[in-house]
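**Student:** Please see the structure below; I have some questions.
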Amino acid sequence: MLRFYLATTLPALLIAIGAVLGGWWVALGLIFMTSLTFALDSLVNITPNENAETEFPAGDGLLVLIGTLHFVLMLLVVWTLANGSHSLAANIALFISAGLFFGQVSNSAAHELIHRSRRDLRQLGVWVYISILVGHHTSAHLLVHHRFVATSDDPNSAQLGESYYRYVARAWVGSFSKGFAAETQRLKSINRPNSQNPYWVYLTGGLAMLVLAFLIGGVAGLVAYTGLALYATAQLLLSDYVQHYGLSRTIDDNKAEPTTAFHSWDSPHWFSSSMMLNAPRHSQHHTRPMKPFTSLEPHSDGPMLPHSLPAMATLALLPSRWRKVMDHRALKWQN
Amino acid sequence: MAKLTMRILISLLLFATTAAAQSPMTAEEFDAYVTGKVLTFGSPGNPNYGVEHYLPQRRVLWSAFNGECIEGRWYEADQNICFAYEGTDEHHCWTVFKTPDGIQATNADSGQIIFEANEDPSALVCGNFFS
């Protein structure tokens, strides 16, 4: 459990110090989120496993802590970028390191939170997503992605040969509209009025965030905030892209085969897994979505990414090199 | 580039013809797997979706972890396993698959997907039967 605490709160601390003090502190936060993570993943080869049954309540405390840190950091970084007196280089480094944190750590915590049954925990997850302007991801993930993963009905599953840049627009629009359709259908089936559709909260909440950013830093605050939110969203969609690329469930008689370990790419790298709350142990999340992150295990015989999730996400930004590495691997798992 | 595309196409065609999708559980398979068990279920949005005790003669006892249970029975219809509970006319039909991780079921009407979590007789609490 300690590894999750250290790998998630240390970068938050470094980014916060960097925002306040500027200078080389900002560089430390950036180095942590990029090269240090990469180095620790590559140089140290371990597969840590917690005994989650004894750890009650399975990491919820850390999730609340990260959710809180997320909002503190967002306020601090937007204020600093808009009103601070750091150099341009420091501001760019701060933007990148905070953006990476929101896209990888906050996103992973929000993802865990929306899978919890406790209402307050779920709400925290929803608001983290709203704060990066993708509240709708909650509905799309729970009602669409989990049901249709690795089929063409899931906007967040990438087809073989589909580049990230082609996928990203399709996934954003698709998850927004399919999530809305799924919520509408859900409300209808339980006889509730459409005024209870969470999309109202996602949209008004997002608008409130934009107003808040403007109040904090004027136009500069609005630009910094929108930039950070889009950067985080790009990573959220990138991680879905990498984790299901080119894998598909067989459809027979209009029914997709059940979701198994063969429909997600796992990566065993310990440090990025700690920082991303075991999100790279993705296949088991899809076959047992009710399992908390502390008890997820990597599969041993399913699709495996050749490098860590953040490294593969970076590779995905170069479509031709990505396809060279991934297409022949994905083909092996077709069917 | 064209060569790679060709190879992908050919492989897809080959696999598409040889791949046989797993079919949903039949009544006999479902009966053999569940009868006598108390299984808990989770969904993506709710890890504590519910718990069901599968009794002989295709009878069941369901609880949504709220301390109350309802009795019902199940039957097979159109490749689905359907549940009819006392006190309601609604029938809940699910397409049920057996996976290495247990049962995975998709509701035929709503598309809701649920996953077997544990076999746990102590999870079934039926306060309404004994008060």
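**Student:** When you look at A:Asp41, is it touching a residue at least 12 places away in the same chain (Cβ under 8 Å), acidic (Asp, Glu) and surrounded by fewer than 23 Cβ atoms within 10 Å (Cβ to Cβ), yes or no?
**Tutor:** Judged against the criteria, A:Asp41 is not a match.
**Student:** Take the residues in the stretch B:2-25 that are under 25 Å from A:His286 (Cβ atoms) and modelled with pLDDT of 60 or more; name whichever of them is farthest from the other protein chains (Cβ to nearest Cβ). Please lay out each step first, then the result.
**Tutor:** Filtering the stretch B:2-25 down to residues under 25 Å from A:His286 (Cβ atoms) leaves B:8, B:11-12, B:15-16, B:18-25.
After this cut, where a residue has to be modelled with pLDDT of 60 or more as well, the list is B:22-25.
On the way: B:Gln22: 5, B:Ser23: 7, B:Pro24: 7, B:Met25: 10 Å.
If we take residues in the stretch B:2-25 being under 25 Å from A:His286 (Cβ atoms) and modelled with pLDDT of 60 or more, then B:Met25 is farthest from the other protein chains (Cβ to nearest Cβ).
**Student:** Could you grab me the full set of residues in the stretch A:265-307 that are closer than 25 Å to A:Gly67 by Cβ and among the small types (Gly, Ala, Ser)?
**Tutor:** Within the stretch A:265-307, A:Ser267, A:Ser272, A:Ser273, A:Ser274, A:Ala279, A:Ser295 qualify.
**Student:** Continuing with the same structure: Can you name the residue in the stretch B:98-131 that is of a type in the set (Phe, Trp, Tyr) and over 18 Å from the mean Cα position of the chain (by Cα) and, of all such residues, is nearest to the other protein chains (Cβ to nearest Cβ)?
**Tutor:** For the stretch B:98-131, the residue satisfying everything is B:Phe129.
**Student:** Ok, one more. Can you find even one residue in the stretch A:232-255 that is among the β-branched types (Val, Ile, Thr), away from chain B (no Cβ under 14 Å), surrounded by fewer than 23 Cβ atoms within 10 Å (Cβ to Cβ) and part of a helix (DSSP H, G or I)?
**Tutor:** Scanning the stretch A:232-255 turns up at least one residue that is among the β-branched types (Val, Ile, Thr), away from chain B (no Cβ under 14 Å), surrounded by fewer than 23 Cβ atoms within 10 Å (Cβ to Cβ) and part of a helix (DSSP H, G or I).
**Student:** Helices (runs of 4 or more DSSP H) wholly in the stretch A:82-139 with at least 2 residues that are within 14 Å of chain B (Cβ to nearest Cβ), buried (at least 20 other Cβ atoms within 10 Å of the Cβ) and in contact (Cβ under 8 Å) with a residue 12 or more places away in the chain - which ones? It would help to see each step written out before you state the result.
**Tutor:** On the way: elements: A:88-101, A:107-114, A:119-131, A:136-139.
Result: A:107-114, A:119-131, A:136-139.
**Student:** Name the residue, out of A:Leu305, A:Leu318, that is crowded, with 19+ Cβ neighbours inside 10 Å, modelled with pLDDT of 95 or more and away from chain B (no Cβ under 14 Å).
**Tutor:** None of the others qualify; the one that does is A:Leu305.
**Student:** Among (1) in a helix (DSSP H, G or I); (2) out of contact with any strand residue (DSSP E or B) (no Cβ under 8 Å at 6 or more places or on another chain), which single condition is A:Asn278 missing?
**Tutor:** The single condition A:Asn278 does not satisfy is (1).
**Student:** Could you grab the pairs with beta carbons closer than 8 Å, sequence gap of 6+ or different chains, first residue in the stretch A:280-293 and in contact (Cβ under 8 Å) with a residue 40 or more places away in the chain and over 10 Å from B:Phe115 (Cα atoms), second one assigned to a helix (DSSP H, G or I) and among the acidic types (Asp, Glu)?
**Tutor:** Listed by first residue and then by second, the contacts come to A:Pro292/A:Asp60; A:Pro292/A:Glu112; A:Phe293/A:Glu112.
**Student:** Let me ask something else. Which numbered condition in (1) exposed (fewer than 14 other Cβ atoms within 10 Å of the Cβ); (2) modelled with pLDDT of 95 or more; (3) in contact with a helix residue (DSSP H, G or I) (Cβ under 7 Å, 6 or more places away or on another chain) is the only one that B:Gly67 fails?
**Tutor:** Of the numbered conditions (1) exposed (fewer than 14 other Cβ atoms within 10 Å of the Cβ); (2) modelled with pLDDT of 95 or more; (3) in contact with a helix residue (DSSP H, G or I) (Cβ under 7 Å, 6 or more places away or on another chain), the odd one out for B:Gly67 is (2).
**Student:** Something else now. Checking the conditions here, which among A:Thr138, A:Thr47, A:Thr80 is of a type in the set (S, T, N, Q) and over 24 Å from A:His282 (Cβ atoms)?
**Tutor:** A:Thr80
The values are calculated or read from the model by the stated rules, or taken from the named source; none is laboratory data. Remember, predicted model here, so these are calculated numbers, not experimental data. Glycine gets a Cβ as well: all are built from the backbone with ideal geometry, and neighbour counts include every protein chain shown.
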